[in-house]
Amino acid sequence: MIVRHHLLAGVALGGLALISAPASAKKPVHHKKPAAASSANAQLLEEIKALKEQVEDLSGRIAVQEATSRESVASINSAQTAAVTASTQAAAAQTAAADAKVAAATAQTTATKAVPAEVKSQLASYSKGKWWDSTSVSGRMYFNFSTLDTKSNGAKATGAGSLNGVGLNIKRMYLGIDHTFSPIFSANLTMDASNVVGQTSNTNFTSTGSPAGSNLPALVGKGFYIKKAYLQAKLNPAFIIRIGAADMPWVPYDEGLYGYRHIENTLIDRTNFGTSADWGIHVLGDLAGGLLSYQVSVIDGGGYRNVKVTKSVDVEGRISTQYKGFYAGVGGYSGKRGNDTQDAVLPNGGDLRTATRFDAMAGYKNAMFNIGAEYFWAKNWNNVASNVEDKADGFSVYGNVNFYKTWSLFGRYDHLRPSKEIGNATPELKDDYFNVGLQWEPVKIVDLALVYKRDKVKNGTFGTQNGTIGGANAAGLITGGEGTYDEFGLFGQLRF
């Protein structure tokens with residue numbers, strides 16, 4: 001419209017110019033030339049008429065252009081509206097598809113809500129391959145080459161079980177096989193090769209009796225036997241179930257913190273007030289991201305080398321914590337220790353006693369050093385099938401310093417009162433043990449240590465993992481019986 005107005009204005013101005021130009025140049029009328037004036041006026045009228053026609057033609061063209069422009073704008077607006085409508089419809093379709101997926105996921109979650117999130121995550125990432133891809137083999141060997149000196153009441157110990165001299169000994173050789181069936185189920189079989197005669201020991205045993213060899217039923221063997229054999233279901237890091245012969249709650253936990261099992265068994269294992277594995281059902285797990293851990297084992301109580309069928313079961317448990325290097329744990333045991341068999345009775349009648357034990361430990365460990373302490377208290381541990389009650393307690397303190405890369409100094413001291421109440425006329429039996437050594441780790445799978453050990457038993461004899469130590473009290477006396485065990489040599493472990 002603006003263009004049109006401008007063009008019309010220009011044409012009008014041009015017409016006025018043409019009309020006014022002759023008027024301004026008009027000369028005095030000479031009546032003698034009327035023909036010339038008429039001719040000029042006619043020409044002017046013709047020019048105005050032509051100009052009017054041009055203006056009308058131009059106005060028509062402008063009207064056509066404006067109509068065309070309006071149609072184009074309408075067409076563009078219609079196309080844009082159609083595009084927006086299509087986009088809205090596509091977005092609505094995507095929203096509907098997303099809602100369908102959410103509904104499907106919700107339905108699946110509802111259907112499997114009993115399965116922990118950790119298990120579902122493992123199942124999603126699990127890719128089944130060949131059986132050997134899910135199977136691993138591991139091993140561990142404890143060995144020593146050392147000199148031994150045992151004394152009883154001040155003299156060299158003699159007779160069965162006496163240890164004096166030099167020898168090479170492999171105290172333990174474990175071979176383990178682990179297989180993973182799925183992210184939930186797995187199994188372990190651990191075999192143990194050791195010198196086993198009645199119980200694990202370094203003692204030299206002989207077959208005596210009448211007739212000769214009549215004590216052979218006590219001979220378990222020197223060879224290969226099962227230490228652990230269990231099926232595991234890991235439903236959640238906080239809820240793991242093991243069925244079979246598996247680690248007990250206390251001794252393996254203690255060994256992991258102590259760190260020098262290849263030098264010596266931990267306190268209750270060394271003194272036979274506990275064992276490292278047994279047959280039963282074991283429930284364990286970590287809580288609060290590993291801040292807390294627990295284990296409860298319901299077992300037959302006979303130990304991993306003695307599967308028992310009993311009228312009752314034993315229970316051992318532990319709860320522990322660790323935080324920024326600090327660690328602590330408490331545990332306990334209660335049961336008949338596998339003695340509650342069909343025909344078991346006390347020598348003078350009555351019911352079997354219940355063996356109980358309380359455990360506690362605490363310490364601090366980092367890359368430079370480790371220091372810790374352990375305490376236990378037990379009642380009727382060795383008197384389940386006895387008419388006499390008894391109690392025992394003891395403690396252990398240990399530590400090590402990693403002073404230069406692969407070198408460390410370590411030491412430990414145990415004090416034990418293994419029998420506190422049997423016989424009022426007998427002095428209290430005591431056991432004092434210590435070790436000290438220097439260890440070198442030439443490669444990650446080997447530890448070698450130069451070690452000195454000493455164990456002293458007062459007021460009688462006491463059986464340990466290093467044999468029976470002590471001496472009988474002299475006739476008519478209630479004091480004096482004692483014995484010592486000294487060992488010095490090279491100790492080590494190989495693990496793979």
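Every number here is computed from the coordinates shown, using simple stated rules; none is lab data. It should be emphasised that the depicted structure is a prediction, and the values quoted were computed from it without experimental measurement. Don't worry about glycine lacking a Cβ; one is built from the backbone with ideal geometry, like all the others, and counts go over all protein chains shown.
Going through the cross-link list LYS311/LYS420; LYS391/LYS430; LYS391/LYS453; LYS151/LYS456; LYS324/LYS365; LYS336/LYS391, which pairs have a Cα-Cα distance over 18 Å in this structure?
In this structure, LYS311/LYS420; LYS391/LYS453 lie more than 18 Å apart at Cα.
Net charge near GLY256, counting Lys/Arg +1 and Asp/Glu -1 over other residues with Cβ under 14 Å of its Cβ?
-1
Which ordering of TRP381, TRP407, TRP440 is given by a fewest-first count of other beta-carbon atoms within 10 Å?
Ranking TRP381, TRP407, TRP440 by Cβ neighbours within 10 Å, fewest first, gives TRP407, TRP440, TRP381.
Expressed as a rounded percentage, what relative contact order does region 132-495 have, with Cα pairs under 8 Å and six or more residues apart? Walk me through the numbers on the way to the answer.
Numbers: 975 pairs, mean separation 52.1, N = 364.
Over region 132-495, the number comes to 14 percent.
DSSP loop trypsin sites (Lys or Arg not before Pro) in region 322-426 with at most 10 other Cβ atoms within 10 Å of their Cβ, which ones?
LYS324, LYS405
Taking neighbour Cβ counts within 10 Å as the exposure measure, how do GLU482, GLU255, GLU389, GLU264 sort from fewest upward?
Going from least to most buried by this count: GLU389, GLU255, GLU482, GLU264.
Under a point-charge model restricted to the Cβ atoms of Lys and Arg (+1) and Asp and Glu (-1), what is the dipole moment magnitude of region 132-495 relative to its Cα centre, in debye to the nearest 20?
Details: 35 positive and 33 negative charges, 81 e Å.
In total the dipole reaches around 380 debye.
Step through the residues of region 227-244 one at a time and calculate ³J(HN,Hα) from phi using the Karplus curve (6.51 cos²θ - 1.76 cosθ + 1.60, θ = phi - 60°), rounding each to whole Hz and writing x for Gly and Pro.
Result, ordered by residue: 9, 9, 7, 8, 9, 10, 10, 9, 6, 6, x, 8, 8, 10, 10, 10, 10, x Hz.
Compare the Cα positions of SER320, TYR413, ALA472 along the charge dipole of region 132-495 (+1 at Cβ of Lys, Arg; -1 at Cβ of Asp, Glu; about the Cα centre) and return the one farthest towards the positive end.
Farthest towards the positive end: TYR413.
Using Cα centres only, tell me the gap between region 373-395 and region 261-301 in whole Å.
That distance is 18 Å.
Using the count of nearby Cβ atoms within 10 Å as a rough guide to exposure, how do LYS456, LYS52, LYS130, LYS228 rank from fewest to most?
So the residues, fewest neighbours to most, are LYS130, LYS52, LYS456, LYS228.
Rg to Rh ratio, region 132-495, alpha-carbon atoms and Kirkwood radius?
A ratio of 0.96.
Between THR354 and ILE177, how high is the FRET efficiency from 1/(1 + (r/R0)^6) when r is the Cβ-Cβ distance and R₀ = 35 Å? Nearest 0.05.
It comes to 0.45.
Per-residue HN-Hα couplings for region 178-184, Karplus 6.51 cos²θ - 1.76 cosθ + 1.60 at θ = phi - 60°, whole Hz, x for Gly and Pro?
Residue by residue, region 178-184 yields 10, 9, 9, 7, 6, x, 9 Hz.
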